[in-house]
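As structure tokens, the structure follows; a few thoughts come after it.
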Amino acid sequence: MDDQYHSVDADQTDEEHIDSHETQPNHSAHEPGGVANLSRRGLLGAVGLASAATAVGMAIPFGRNLRDGWVPAALAEDVPGMNGKDGLKVLNNRPLNAETIAHMLDDPITPTARHFIRNNGIPPEDVDADSWTLTIDGLVDKPLKLTIADLKKQFEVVEYALQVECGGNGRSAFDPPARGNQWSTGAIACAKWKGVRLADVLKAAGVKSNAVYTAHVSADTHLSGKEGKLAISRGVPIDKAMDPHNLIAFEQNGGPLHPMNGAPLRLVVPGWPGSCSQKWLTRIYLRDKVHDGPKMTGKAYRVPAYPVAPGQKVPNSDFEIIESMPVKSLITRPKTQIDTKDKTIEIGGHAWAGDRKVKTMHVSIDFGKTWQEATLDEPVNPFAWQNWKTEVTFPQAGYYEVWARATDDKGDMQPFAIAWNPKGYLNNSMHRIAVRVSA
Ligand SMILES: Nc1nc2c(c(=O)[nH]1)N[C@H]1C(S)=C(S)[C@@H](COP(=O)(O)O)O[C@H]1N2
Ligand SMILES: [Mo]
């Protein structure tokens, strides 16, 4: 069987598609991929051990110690854009998409090297931060054109820890599968972003009373290479745009933005699908209707307005735009598949809830029969993820799973099973890890 990683159809407009129409998605991290595919398509994330050995040209004696999706270091540097990234799993290299393995997200603040990458098009090259400009126009009293130096000079500079999660995070667990990047759990990060408030900049331009939606424009190009064709242009309602925690950011974790995370300037609109956080930002214009740029319409970043059965066909007209992301959590410590002699171990991770706060965090070691409450920290600022930890004690040697479940401040909690939808968005089902306790 051919693998699913074909180059993108020039005309496809649905979001997250990386495969061609005639192929089925699969979970090929579990299947060896051909070496021809490896070199031609560069799909290192999909390679199995046998083909990894062929690709590096010799046997890999300790290969049994590696997990699915491991990218040999000998080849990893061949993926353009991955410089400065640490151990991310590449899902696709055109466009480049890479996620962070759960235990590598353990830090309270995600280091730049471990912030996932989600690209819809081809990032700009050789960006010059000094000459970069941001235009604010559309339904404003006074259009603005600002350099990054202007932003720093004219507006208050603030720094917040903000979580960004891709709407398609968790898609790989959908059955029947949904086409698109097969994200496991790693399209989430919480970095420290420094910049100016989007709201302050919009206020300086003067928001006209008939403005209802923002529209975001950037310097990356569509995969087709067609002049003037945008890869993605999303927006948010003015109310959300005016939240003081949305940033026009020029620093990530005290340093420059990583080129793949939007250098030199990006939006960070926390709590909503990551797609609202336009990277390589060049322009924001205000509109008197819901923005209809690429990846705003059809099924892109939209879900059916009502619950649907797995596999059910839903007409485009019944889809609505995803707004706040749902409550979710991750176990980042220990890593899954650990062997331990200790009967008592510490479990820890993060939890977040879109525009809401996480209220309680629970873990179970008996497949959900009983739950114990974990210690949950307050967010360091609104829209930062919340760290949690607890100790669990296993009664005897054997195989266990630790399940984690967050509950938000409106009482919504993570489900065990996925609420299926056609494009594989919003999978907030509980995270679980495997623990083997030896005598
Ligand atoms: N210009 C531009 N901005 C973009 C994208 C893109 O492809 N181009 N992808 C969006 C999506 S779908 C997500 S989830 C986030 C991911 O941000 P990151 O790549 O910095 O992790 O960026 C968003 N901003
Ligand atoms: Mo995304």
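The values are calculated or read from the model by the stated rules, or taken from the named source; none is laboratory data. Since the structure is predicted, the reported quantities are computational estimates derived from the model, not experimental observations. Glycine also receives a Cβ, built like all others from the backbone with ideal geometry; neighbour counts cover every protein chain displayed. All accessible areas refer to the heavy atoms of the entire protein, side chains included, with ligands and DNA or RNA removed. Shrake-Rupley method; radii C 1.70, N 1.55, O 1.52, S 1.80 Å.
List of remarks:
- Which numbered condition GLY180 fails, given (1) at pLDDT below 95; (2) crowded, with 21+ Cβ neighbours inside 10 Å; (3) over 23 Å from LYS89 (Cα atoms): (3)
- Checking TYR306, TYR301, TYR285 one by one, the residue that is within 11 Å of ligand 1 (Cβ to nearest atom) and either at positive phi or in the same structural domain as ASN119 (by TED's automatic domain parsing) (or both) is TYR301 and no other.
- Residue in the range 236-244 that is assigned by TED's automatic domain parsing to the domain that holds GLY255, buried (at least 18 other Cβ atoms within 10 Å of the Cβ), in a strand (DSSP E or B) and away from ligand 1 (no atom under 16 Å from the Cβ) present: no
- Exclusive hit being away from ligand 1 (no atom under 14 Å from the Cβ) and assigned by TED's automatic domain parsing to the domain that holds ARG287, set ALA231, ALA211: ALA211
- Within the range 259-281, restricting attention to residues that are away from ligand 2 (no atom under 11 Å from the Cβ) and in a helix (DSSP H, G or I), the residue that is nearest to ASP355 (Cα to Cα) is ASN261.
- Selection of first residues in the range 295-317 that are under 20 Å from GLY274 (Cα atoms) and of second residues that are among the basic types (Lys, Arg) and within 16 Å of ligand 1 (Cβ to nearest atom), restricted to Cβ pairs under 6 Å at least 6 apart or on distinct chains, gives the following pairs, ordered by first then second residue: LYS295/ARG234; MET296/ARG234; LYS299/LYS423.
- Scanning the range 343-357 for residues that are crowded, with 16+ Cβ neighbours inside 10 Å and more than 15 Å from GLY274 (Cβ to Cβ) returns ILE345, ILE347, GLY348, GLY349, HIS350, ALA351, ALA353, ARG356, LYS357.
- Given (1) of a type outside the set (Ser, Thr, Tyr); (2) within 16 Å of ligand 2 (Cβ to nearest atom); (3) touching a helix residue (DSSP H, G or I) at 6+ places or on another chain (Cβ under 7 Å), number of the condition LYS142 does not satisfy: (2)
- Meets criteria (outside the structural domain of TRP272 (by TED's automatic domain parsing), under 23 Å from the mean Cα position of the chain (by Cα), among the basic types (Lys, Arg) and surrounded by fewer than 18 Cβ atoms within 10 Å (Cβ to Cβ)) for LYS335: yes
- Within the range 105-209, strands (runs of 3 or more DSSP E) holding 1 or more residues that are of a type in the set (Asp, Glu): 133-138, 157-165
- Unique residue being open to solvent by 30 Å² or more (accessible area, probe 1.4 Å), at pLDDT 95 or above, under 22 Å from ASN181 (Cβ atoms) and not aromatic (Phe, Trp, Tyr) when the list is ARG114, ARG67, ARG118, ARG94: ARG114
- Residues that are part of a loop (DSSP other than H, G, I, E, B) and either aromatic (Phe, Trp, Tyr) or surrounded by fewer than 17 Cβ atoms within 10 Å (Cβ to Cβ) (or both) do not occur anywhere in the range 325-332.
- Among the residues of this structure, GLY121 does not count as one that is at positive phi and under 24 Å from the mean Cα position of the chain (by Cα).
- Among the residues of the range 193-200, some residue qualifies, meaning at least one is basic (Lys, Arg), over 20 Å from the mean Cα position of the chain (by Cα) and under 23 Å from ASP128 (Cα atoms).
- Residue that is most open to solvent (accessible area, probe 1.4 Å), among those in the range 358-415 that are farther than 20 Å from ASN427 by Cα and among the charged types (D, E, K, R): LYS369
- You will find that of LYS153, LYS192, LYS208, the residue that is closer than 24 Å to ALA351 by Cβ and not small (Gly, Ala, Ser) is LYS192 and no other.
- Candidate set from the range 377-409 (those that are among the aliphatic types (A, V, I, L, M) and part of a strand (DSSP E or B)); member that is farthest from TRP352 (Cα to Cα): VAL392
- The lone criterion from (1) in the same structural domain as VAL207 (by TED's automatic domain parsing); (2) within 16 Å of ligand 2 (Cβ to nearest atom) left unmet by GLY354 is number (1).
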